[in-house]
Amino acid sequence: MDPYRPFIDDPQALARYAGQRYVVLRVAGDPALCYREVQSRLRAKLGEPSIMFPAAPHVTLAGYRSGTDEARLASVVASWAATIEPLDVEVGEPVSWFPPPFQVIVLPVRHTQALFRALVAIRDAGARAGFALATVTPPENWTFHLTLASCAGLDSSAWTEAQRTAGACVVRGPVRSVVQAAELVVFDNGTESSGGSFSLGRPDV
């Protein structure tokens, strides 16, 4: 079995997410290559130590608050995943960002009805199980994206410069890949671990 590849490896971010659980899609293939090309350019230009660069590209569908029971949530995710067909992830739009207070530079992911239905379905399933969301933006306002850099610690002038740098990045594409599984990501005690990988479109045995 291949070793687990974390999505987040920044110690400050790991501390901030302590106790939370996330349902995400791990992005591979050409979109991942595109992501790494853009992120490497940002890393080279943005030297501020407070900036957090995710270790691996991923689309977040739902996040759950600290203390959410991992085993019960895994059961919910497994049941949900069995009802969702493999999902297309396509990138190619220009680099964008979320404004203060978030200050996050992102690679937009094309909004599709399949992605939207999957997001709504996992959040509804979690709500029926009594799990409280950490991701509070409602589905109708959600922007699918791959986080390239989290810049919440920058002052206004540094954030303006980060936007200028991000806007100059050229994104090749559009490129797409098909995601065959969803992952449950668990943050505890300053580390990230896997709560399970769940095949889309069929029950895991």
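When you check S194 against the structure, is it assigned to a strand (DSSP E or B) and either in contact with a Pro (Cβ under 8 Å, 6 or more places away or on another chain) or at pLDDT below 95 (or both), yes or no? So S194 fails the test. Of everything listed in (1) surrounded by 14 or more Cβ atoms within 10 Å (Cβ to Cβ); (2) at pLDDT 95 or above, the single unmet condition for E48 is (2).
Taken over the range 88-129, residues that are touching a helix residue (DSSP H, G or I) at 6+ places or on another chain (Cβ under 9 Å), in a loop (DSSP other than H, G, I, E, B) and either in contact (Cβ under 8 Å) with a residue 60 or more places away in the chain or among the aliphatic types (A, V, I, L, M) (or both) amount to 4. When A15, A28 are checked against the criterion of being in contact with a Ser or Thr (Cβ under 9 Å, 6 or more places away or on another chain) and among the hydrophobic types (A, V, I, L, M, F, W, C), A28 stands alone in meeting it.
The sole residue among T143, T137 that is closer than 28 Å to R123 by Cβ, out of contact with any His (no Cβ under 7 Å at 6 or more places or on another chain), modelled with pLDDT under 95 and not in a strand (DSSP E or B) is T137. State which residue is nearest to E37 (Cα to Cα) when the search covers only the range 74-87 and only residues that are in contact (Cβ under 8 Å) with a residue 12 or more places away in the chain and small (G, A, S). Taking the candidates together, the pick is A81.
So which residues in the range 41-71 are over 18 Å from the mean Cα position of the chain (by Cα) and of a type in the set (G, A, S), if there are any at all? Those that are over 18 Å from the mean Cα position of the chain (by Cα) and of a type in the set (G, A, S): A44, G47, S50, G67, A71.
Only one of the numbered conditions (1) among the hydrophobic types (A, V, I, L, M, F, W, C); (2) in contact with a Pro (Cβ under 6 Å, 6 or more places away or on another chain); (3) not in a helix (DSSP H, G or I) is not met by L25, and that is (2). Within 24 Å of A74 (Cβ to Cβ), β-branched (V, I, T) and at pLDDT 95 or above, is that true of V178? Criteria met by V178.
In the range 137-175, the qualifying residues are those that are in contact (Cβ under 8 Å) with a residue 60 or more places away in the chain and under 16 Å from the mean Cα position of the chain (by Cα), and the one that is surrounded by the most Cβ atoms within 10 Å (Cβ to Cβ) is L148.
The residues of the range 68-82 that are of a type in the set (S, T, Y) and either more than 14 Å from R123 (Cα to Cα) or out of contact with any helix residue (DSSP H, G or I) (no Cβ under 8 Å at 6 or more places or on another chain) (or both), listed by number, are T68, S75. Beta carbons closer than 7 Å, at least 6 apart along the sequence or on distinct chains, pair a first residue in the range 1-26 that is more than 18 Å from V59 (Cβ to Cβ) with a second that is at pLDDT 95 or above and among the aromatic types (F, W, Y) for L14/F187; A18/F187; G19/F187.
The values are calculated or read from the model by the stated rules, or taken from the named source; none is laboratory data. Note that the structure is a prediction, hence the values are computed from the model and not measured. Every residue, glycine as well, gets a Cβ built from its backbone with ideal geometry; the counts of neighbours run over all protein chains shown.
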